[in-house]
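For reference, the structure is listed below as C-alpha cells.
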Amino acid sequence: MLRRIPVSQLRAGMHVHELCGSWLDHPFWRTRFLIRDARDIARLVEGGVQEVWIDASKGLDGEAPPSGTRALVESPDESVPRRVDPPASRTFDAPGPDRVPMAVELERASRICHKAREAVVSMFAEARMGRAIDASGALDLVEEIDESIARNPVALVSIARLKTADDYTFMHSVAVCGLMISLGRQLGLDVAQVREAGLAGLLHDLGKAGVPTELLNKPGRLDAAEFAVMKRHPQLGHEMLLQAGTTGEIALDVCLHHHERMDGTGYPHRLDGPAISLYARMGAVCDVYDAITSNRPYKAGWNPAESIRRMAGWAKGQFDERVFHAFVKSVGIYPVGSLVRMSSGRLGVVIEQNEDALTTPKIKLFFSTRSDTRIQPEVIDLSRKGETDRIAGREDPARWDFRDLDSIWAGDSAPSPQPKPA
Ligand SMILES: [Fe+2]
Ligand SMILES: [Fe+2]
C-alpha cells in the first residue's frame with residue numbers, strides 16, 4: 001500500500017505516510033496527512049522535501065492521476081504562502097501580554113540561575129554531611145524558573161547551558177530543571193505537573209553528593225570501577241529524598257530512573273519502555289542534552305544544533321520519540337547559541353528562535369569564511385520576507401578558536417571566556 005514518489009507527482013487527495021530524509025532537515029512535525037490542495041504541496045517543496053511515501057489505502061494512488069487533476073505543484077496560478085509553517089501546533093506558545101524579548105529576559109534569567117545554583121550548592125553540602133536535605137525552598141525557585149520560561153521560553157535554558165567545567169554538577173541541575181519545565185509546557189502538562197517536573201529536574205542528580213568529588217571532576221574518562229561508583233547516584237539520591245520525606249512521587253521517580261532507556265540498556269534497573277514513566281523519559285532527554293552541550297573537565301560542550309542532530313539519531317532506541325520531538329520543539333532545531341554556516345559563506349550564532357518555524361531563527365553573523373576574517377556583526381531574521389541567506393549547515397566550534405562565542409549571543413550574561421580544555 002506504501003509507495004515512494006517524488007514530490008512533483010503529489011496530487012490533492014493523496015495521503016502522505018512519511019517524508020523521506022531526516023525530519024530535522026525540514027520543518028514538518030506531522031508527517032502523516034492528507035494533501036488537501038496546492039498549498040500543502042508547496043509547503044513540502046519550500047521545506048526542501050524531495051520524496052515522500054504515500055499510502056494508497058488512505059488516499060489516491062499516484063500511478064494514474066484522476067482525469068482533470070493536474071500536478072498541483074506545477075500550477076503557477078495557485079496562491080502559495082512564502083513561509084513554511086509547521087502544520088501541527090505552533091512551536092512555542094502564542095506570545096502573551098507578558099512575553100518579553102530574549103535580550104530583556106536574559107539578565108533576569110541569569111540572576112535566577114545564579115540563585116538556583118546557590119540553592120543546589122547548599123543542598124549538596126547538606127547531603128554530603130549526611131543531613132536530611134530540605135527541598136521545601138526549592139519549590140519557590142522552581143516557580144521563579146517557570147515564570148521566567150513563561151516570559152521567554154528559551155532565555156533561561158540557554159543561559160543555564162553555559163557553565164564552567166568544575167561548576168557542572170550544580171548548574172546542570174538548574175539547567176535540567178529549566179529544560180523539564182519547558183518540555184512539560186510543550187507537552188501540555190498542567191501548571192502543577194510542570195512544576196513537579198521542574199523540581200524533579202533540580203533534584204535528579206542529588207545522589208552525586210554521595211560520589212567522591214575527585215570522581216565528579218575527574219579530568220578524563222572514568223574507568224570501569226569508577227563508572228560503577230558513579231552509576232550508584234540514582235539510588236543514592238532516591239534514598240536521600242526518601243529520608244528527607246518531603247519530596248513528591250515525580251521527583252523520586254525521576255531521581256531513580258533518569259538513566260533508564262527505552263530499549264532497556266539503561267540503569268539502575270534496566271527498565272524498558274512501558275515500565276518507564278513519562279517524567280523519567282522527559283528526564284532522560286533533558287539530562288543527555290545538557291550533559292553533551294556543557295563544558296566538562298575532559299571535553300568542551302558540543303554545538304547545541306549538532307547535539308540535537310546526534311540525539312535524533314539515538315532517539316529511536318533510547319528515548320521516547322514523542323517526548324524527543326516535543327523537546328526539539330521547545331529548544332529548536334538550531335537552539336540559541338548554535339554556530340551555523342550560511343549559504344553566503346558567513347558564520348553566525350543563533351540568538352533567538354522564530355515562534356512559527358524551527359528552521360528560520362534570528363542569527364548574528366560575525367565571520368566570513370570567504371575572507372577568513374571577522375566581520376561587523378549583523379543580525380538577520382531568516383523568517384523576514386526577502387531574506388535570501390539560508391542556513392547551509394551546522395558548524396563545529398572545535399574547528400575554530402572563537403573564545404567569545406557565548407558572549408556573541410548572551411552579552412554580559414555569558415561567563416568570561418574559558419581556556420579550551422586540552
Ligand atoms: Fe544522573
Ligand atoms: Fe544529570
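The values are calculated or read from the model by the stated rules, or taken from the named source; none is laboratory data. Please read all numbers here as calculations on a predicted model, not as lab measurements. Note that each Cβ is placed from the backbone with ideal geometry, even for glycine, and that neighbours are counted across all protein chains shown.
When you look at D406, is it in a helix (DSSP H, G or I) and either in contact with an Asp or Glu (Cβ under 7 Å, 6 or more places away or on another chain) or farther than 17 Å from T293 by Cβ (or both), yes or no?
Working: in a helix (DSSP H, G or I): yes; either in contact with an Asp or Glu (Cβ under 7 Å, 6 or more places away or on another chain) or farther than 17 Å from T293 by Cβ (or both): no.
Judged against the criteria, D406 is not a match.
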Taking segment 285-307 and keeping only residues that are acidic (D, E), crowded, with 23+ Cβ neighbours inside 10 Å and more than 13 Å from ligand 1 (Cβ to nearest atom), one is left with none
Close pairs (7 angstrom Cβ cut-off, 6 or more residues apart or separate chains): farther than 24 Å from L358 by Cβ in segment 4-28, at pLDDT below 65 and part of a helix (DSSP H, G or I) anywhere
S8/V73; R11/L72; A12/L72
Considering segment 207-235 alone, what residues qualify as being surrounded by 13 or more Cβ atoms within 10 Å (Cβ to Cβ) and of a type in the set (G, A, S)?
G207, A209, G210
Which condition number in (1) part of a helix (DSSP H, G or I); (2) out of contact with any strand residue (DSSP E or B) (no Cβ under 7 Å at 6 or more places or on another chain) is the one that R384 fails?
(1)
Is it the case that segment 338-357 has a residue that's in contact with a Lys or Arg (Cβ under 7 Å, 6 or more places away or on another chain), assigned to a loop (DSSP other than H, G, I, E, B) and among the hydrophobic types (A, V, I, L, M, F, W, C)?
yes
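For P274, are the conditions met, namely being outside any loop (DSSP other than H, G, I, E, B) and farther than 18 Å from V350 by Cβ?
On the way: outside any loop (DSSP other than H, G, I, E, B): yes; farther than 18 Å from V350 by Cβ: yes.
In short, yes.
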Residues that are on the phi < 0 side of the Ramachandran plot and either in contact with a Lys or Arg (Cβ under 9 Å, 6 or more places away or on another chain) or surrounded by fewer than 13 Cβ atoms within 10 Å (Cβ to Cβ) (or both), drawn from segment 244-255
E249
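Okay, residues lined up against (1) of a type in the set (D, E, K, R); (2) more than 15 Å from ligand 2 (Cβ to nearest atom):
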site: R270; (1), (2): yes, yes
site: G273; (1), (2): no, yes
site: S277; (1), (2): no, yes
site: A280; (1), (2): no, no
site: A312; (1), (2): no, yes
site: A315; (1), (2): no, yes
site: V331; (1), (2): no, yes
site: R346; (1), (2): yes, yes
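Taking D320 as the residue in question, decide whether it is in contact (Cβ under 8 Å) with a residue 12 or more places away in the chain, within 30 Å of H233 (Cβ to Cβ) and within 16 Å of ligand 2 (Cβ to nearest atom). Please lay out each step first, then the result.
Numbers: in contact (Cβ under 8 Å) with a residue 12 or more places away in the chain: yes; within 30 Å of H233 (Cβ to Cβ): yes; within 16 Å of ligand 2 (Cβ to nearest atom): no.
Judged against the criteria, D320 is not a match.
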Looking at (1) under 30 Å from N354 (Cβ atoms); (2) at pLDDT below 90; (3) hydrophobic (A, V, I, L, M, F, W, C), can you tell me which one I112 breaks?
(2)
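Across segment 170-201, which residue is surrounded by the fewest Cβ atoms within 10 Å (Cβ to Cβ) among those that are among the polar types (S, T, N, Q) and either within 13 Å of the chain's Cα centre (by Cα) or within 14 Å of ligand 1 (Cβ to nearest atom) (or both)? Outline the logic, then answer.
So the first thing to find is which residues in segment 170-201 are among the polar types (S, T, N, Q), and the list is 173, 182, 186, 193.
Within this subset, residues satisfying the condition of being either within 13 Å of the chain's Cα centre (by Cα) or within 14 Å of ligand 1 (Cβ to nearest atom) (or both) are 173, 182, 186.
Numbers: S173: 26, S182: 28, Q186: 23.
Among residues in segment 170-201 that are among the polar types (S, T, N, Q) and either within 13 Å of the chain's Cα centre (by Cα) or within 14 Å of ligand 1 (Cβ to nearest atom) (or both), the one surrounded by the fewest Cβ atoms within 10 Å (Cβ to Cβ) is Q186.
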If I filter segment 269-277 for residues that are touching a residue at least 24 places away in the same chain (Cβ under 8 Å) and within 11 Å of ligand 1 (Cβ to nearest atom), do I get at least one hit?
no
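With in the same structural domain as I181 (by TED's automatic domain parsing) and among the polar types (S, T, N, Q) as the only criterion, which of N303, N354 stands out? Please lay out each step first, then the result.
Working: N354 fails: in the same structural domain as I181 (by TED's automatic domain parsing).
Exactly one of N303, N354 is in the same structural domain as I181 (by TED's automatic domain parsing) and among the polar types (S, T, N, Q), namely N303.
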Only one of (1) modelled with pLDDT under 95; (2) surrounded by 14 or more Cβ atoms within 10 Å (Cβ to Cβ); (3) closer than 24 Å to I292 by Cα is not met by K364, so which one is it?
(1)
Residues that are within 15 Å of ligand 2 (Cβ to nearest atom), touching a residue at least 60 places away in the same chain (Cβ under 8 Å) and more than 16 Å from G237 (Cα to Cα): does segment 198-211 have at least one?
no
Members of segment 214-261 that are among the hydrophobic types (A, V, I, L, M, F, W, C), part of a helix (DSSP H, G or I), without any contact (Cβ under 8 Å) to a residue 40 or more places away in the chain and within 17 Å of T169 (Cβ to Cβ):
L215, F227, V229, M230, L236
Scan segment 2-15 and tell me whether some residue there is surrounded by 13 or more Cβ atoms within 10 Å (Cβ to Cβ) and modelled with pLDDT under 80.
no
Members of segment 37-54 that are surrounded by 18 or more Cβ atoms within 10 Å (Cβ to Cβ), closer than 14 Å to C20 by Cα and at pLDDT below 80
G47
